[in-house]
Amino acid sequence: MSARTRELFSLILVGVLVGTAFASVYIARQEVVSTESLSYALFFLGLYVAAHVVTRITVPHADPYLLPMAGLLTGIGLTEIYRLDEDEAFRQGLWIVIGLAAFAGTLLALRRDYRRLESYKYLFGLGALVLLALPAMPFIGRTVNGARLWVELGPVRFQPGEFAKICLIVFLAGYLREKREVLAQARLKDLGPLLFIWGGAMAVLVLTNDLGGGLLYFGVFLAMLYVATAQIWFVVAGAAMFVGGAALVYTQVGRVAERVRMWLDPWSDADGGGYQTIQSIYAIANGHFGGTGFGQGTFTDADGNQLIPYVSTDFIYSALAQELGLVGISAFLLVYMLFAARGFRIAMLAQDGFSKLLAVGLTFCFTLQTFIIVGGIVRIIPLTGITLPFVSYGGSSIVANFVLLAGLLLVSNRANERLGA
């Protein structure tokens, strides 16, 4: 059986699972299975079959499991968002359509040789800085929940930082591939452009209060630098810089100090800063071992007010943990682990340095972002406001992650084609 045929069969299975999940929500609400629930599943399956056709044409040798896993994650997320807010689910569905269009466009545009992106690495680096700085601009920048992450242009509002991370990964992959041998000597003239781009990104992230993004970019920077140079002292120095920088920010930025305090003891301010975290923990605990089932969780009080603010964005993991239970949410996290494993396998199979670094950067970014948001919700680390990839409500995140997925498939296709797979 060919790779693309396996991909198609996997997508059909995903469609059945999503249809079952939608039917569960309808049964919980109306005690009947409506044809509307089946139409949602068929529409969802149709979108991914169309994406499959594009992959069959453009990347016939690519990994056959990444697209179905992305489909499963978006399907679970869309079902849970629909269960929480039908209007948001409709908008999320539109963003999934746009994301799949971006996915197809990326594959079609770069199917001949994505490595030509390396020639424009400095433009990508500067582009990342511009995208990160846009929310700090007057008139167009918007502050939401304490962080200035949004840009509003007329009726359109988006997070440019979601696309900046991809630009930065392309820059790092190109620059580190070119300079990996001399970087081990730590000459300033070689480290200068790297530190300029990285330092500029960190400064903008601090100014916009996007501390979750700062941690994500810092982690990706260190991971790619280590893979390129195999110098452990880079990681040690980076960790020391992170600890020192975190301590400085903790003493100077009140929002960070508040987040750390609520991480250590949310019950010290149960009706204020710790409210979200406490309600999130209660929601997860209420799921027990087997979960309440789709559509049967409790997320509103008797007056219809949400118990967990921003539940469809920052805290959708808590909603899923309640309705899926320990067993279901463990399987859900396993999908992320398998996605990461397939991504790193692609990096190992890649033949050239740019492709290896690109695959590592994209995969590590996806994995670290998942850890940051899930770790914050379950109180492993302080809570940050980044999205859960493919699952949380948010158009910018959905589109950016589909572009990330396309990048991995492009690298995978070239690696497998050269190996004769």
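Using only Cα positions of the stretch 311-421, each an equal point scatterer, no hydration layer, compute I(q)/I(0) via Debye at q = 0.09, 0.16 Å⁻¹ and quote the log10 values to two decimals.
Here log10 of I(q) over I(0) equals -0.27, -0.76.
Quick one: what do you get for the chain if you divide its Cα Rg by 2.2 N^0.38 Å?
Expressed relative to 2.2 N^0.38 Å, the Cα Rg reads 0.98.
With every protein chain left in place, what is the accessible area of Met137 in Å² (1.4 Å probe, nearest 10)?
90
For the pair Arg56 and Leu264, how long in nm is the line joining their label points, each one 7 Å along Cα→Cβ?
It is 5.8 nm.
So how compact is the stretch 282-372: Cα radius of gyration and Dmax in angstrom?
Cα only, the stretch 282-372: 17.6, 59 Å (Rg, Dmax).
I'd like the accessible area for Asp269, computed on protein heavy atoms only with a 1.4 Å probe and all protein chains in place. Round to 10 Å², please.
Result for Asp269: roughly 50 Å² accessible.
Hey, what number do you get for the chain at 222 nm if only DSSP H runs of n ≥ 4 count, each worth -39500 (n - 2.57), divided across all residues, to the nearest 500?
-24500 deg cm²/dmol
Just to be sure I understand: with springs between alpha-carbon atoms less than 10 Å apart, which residue in Gly71, Gly238, Gly154 has the highest mean-square fluctuation in the Gaussian network model of the chain?
Highest fluctuation among the options: Gly154.
With θ set to phi - 60° and the Karplus curve 6.51 cos²θ - 1.76 cosθ + 1.60, what are the ³J(HN,Hα) couplings of the stretch 324-329 in order, to the nearest whole Hz, using x for Gly and Pro?
9, x, 4, 5, x, 6
Could you tell me what percent of the accessible area of the chain is made up of carbon and sulfur, with a 1.4 Å probe and every protein chain present?
On the way: 12080 of 18350 Å².
About 66 percent, which is the carbon plus sulfur part of the accessible surface.
Amide H of Thr300: which non-local residues (sequence gap of 5 or more, or other chain) have their own amide H closer than 5 Å, using H built in the peptide plane?
Leu307
Keeping all protein chains in place and using 1.4 angstrom, which order do His61, His52, His288 fall into by accessible surface area, from largest down? Please list the in-between numbers first.
Numbers: His61 65, His52 5, His288 135 Å².
Result of the area sort, largest leading: His288, His61, His52.
So what does Lys356 come to for accessible area, using a 1.4 Å probe and Å² rounded to 10?
70
Which percent of Cα-Cα pairs in the stretch 1-142 sits in each 5 Å bin, short to long?
Binned Cα distances yield the sequence 2, 9, 15, 16, 14, 13, 12, 9, 6, 3, 1, 0.
Measuring with a 1.4 Å probe in the full set of protein chains, what accessible area per residue, in whole Å², belongs to the chain?
44
Find the relative contact order for the stretch 1-98 and round it to a whole percent, using C-alpha pairs within less than 8 Å whose residues are 6+ positions apart. Intermediate values should be presented prior to the final figure.
On the way: 81 pairs, mean separation 35.7, N = 98.
Relative contact order of the stretch 1-98: 36 percent.
Which whole-number percent is the relative contact order of the chain (Cα, under 8 Å, 6+ apart)? Show your work: numbers first, answer last.
Numbers: 602 pairs, mean separation 93.8, N = 421.
Computed value for the chain: 22 percent relative contact order.
With springs only between Cα atoms under 10 Å, which of Pro155, Pro64, Pro382 fluctuates most in a Gaussian network model of the chain?
Pro155
So which trypsin sites (Lys or Arg not before Pro) in the stretch 363-421 pass both tests, a DSSP loop state and at most 15 other Cβ atoms within 10 Å of the Cβ?
Of the trypsin sites (Lys or Arg not before Pro), the ones in loops of the stretch 363-421 whose Cβ has at most 15 other Cβ atoms within 10 Å are Arg379.
Between Arg116 and Ala302, what FRET efficiency comes out of the Förster formula 1/(1 + (r/R0)^6) with R0 = 60 Å and r the beta carbon distance, rounded to 0.05?
0.50
Straight-line reach only, C-alpha to C-alpha below 17 angstrom: list the aspartates and glutamates that Lys179 could link to, leaving out same-chain residues fewer than 8 apart.
Glu118, Asp190, Asp352
As an exercise, use a Förster radius of 41 Å and the Cβ-Cβ distance of Leu123 and Ala237 to find the FRET efficiency, rounded to the nearest 0.05.
According to the calculation, E is roughly 0.90.
In whole Hz and in residue order, list the ³J(HN,Hα) couplings for the stretch 237-254 that follow from phi through the Karplus curve 6.51 cos²θ - 1.76 cosθ + 1.60, θ = phi - 60°; x for Gly and Pro.
My calculation for the stretch 237-254 gives 5, x, 5, 5, 4, 5, 4, x, x, 5, 5, 5, 5, 4, 7, 9, 10, x Hz in order.
What residue among Gly291, Gly77, Gly161 has the largest mean-square fluctuation in a Gaussian network model of the chain, using Cα springs under 10 Å?
Result: Gly291 has the largest fluctuation of those listed.
The values are calculated or read from the model by the stated rules, or taken from the named source; none is laboratory data. Fair warning: this is a prediction, and the values are worked out from it, not measured in the lab. Heads up, the Cβs are rebuilt from the backbone with ideal geometry, glycines too, and the neighbour counts pull from every protein chain shown. Keep in mind that these areas ignore ligands, DNA and RNA; they rest on the heavy atoms of the full protein, side chains included. Shrake-Rupley method; radii C 1.70, N 1.55, O 1.52, S 1.80 Å.
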